[in-house]
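Here the structure comes first, spelled out in structure tokens, and everything after it is commentary.
FYI, it's all coordinate maths here, none of it is from the lab. Since the structure is predicted, the reported quantities are computational estimates derived from the model, not experimental observations. All Cβ positions, glycine included, derive from the backbone under ideal geometry; neighbour counts span all protein chains shown.
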Amino acid sequence: MAEIHHQIGILGKAEAIYHALTTDEGLSTWWTSETTGAGGVGSVIQFRFNGDGPDFEVTELQPNQLVRWKHSGRMPEDWMGTEITFRLVDKANQVMVRFTHSNWQFPSDFMAHCSTKWAVFLLSLKEAIETGKGRPFPRDIHIDHNE
């Protein structure tokens, strides 16, 4: 199995980052403005990009420390069975967000594209927390993807 890993330091409180990862309002400030369904464990979040996109079931929440989702939709096919984890680690002057997108069946060009896009969206999360304004889809940095 293959994994994507990223880590980013954010000047802010773990509570604010956790809110941005666990509510429709928060998620729509940094990933996609079309987000619905965020809630507690067992809820299914629908992320839409021009009307299509992935669904994730919330599988674990540890307030201000951990958020875990499991892909529960049909799109994109390469994401079937994958999990996304956000670990929040308080440091002296920032919160480290340790991101993992795990359980990919194999490395691919699409996985490489997704790794780059996750970096873009994690920087958007950083901007949303630090400045109050992220760059969610469709205002994100666009990167062409050819399979």
Inset, instruction - With label points built 7 Å along Cα→Cβ from the Cα atoms of Glu25 and Ser115, find their separation and express it in nm. - result: 3.6 nm
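Please compute the net charge surrounding Phe56, taking Lys and Arg as +1 and Asp and Glu as -1 over other residues with Cβ under 10 Å from its Cβ.
Numbers: positive: Arg68, Lys70; negative: Asp55, Glu57, Glu83.
After counting each charged neighbour, the total is -1.
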Legend entry - Residue list for the range 1-28, given a label point 7 angstrom along the Cα-to-Cβ vector of Ile141 and an amide N cut-off under 17 Å: 5-10
Legend entry - Given the chain, longest segment not containing exposed loop trypsin sites (Lys or Arg not before Pro) (DSSP; at most 13 other Cβ within 10 Å): 1-73
Legend entry - Highest-MSF residue in the chain out of Leu66, Leu88, Leu21 [GNM, Cα springs under 10 Å]: Leu66
Legend entry - Order of His71, His6 under a 10 Å beta carbon neighbour criterion, fewest first: His6, His71
Inset, instruction - Give the distance, in whole Å, between the Cα centre of the range 1-47 and the Cα centre of the range 85-142. - result: 9 Å
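Report the far tail of the P(r) of the chain, meaning the percent of Cα-Cα pairs longer than 29 Å. Walk me through the numbers before you get to the answer.
Working: 881 of 10731 pairs.
Of the Cα pairs, 8 percent sit more than 29 Å apart.
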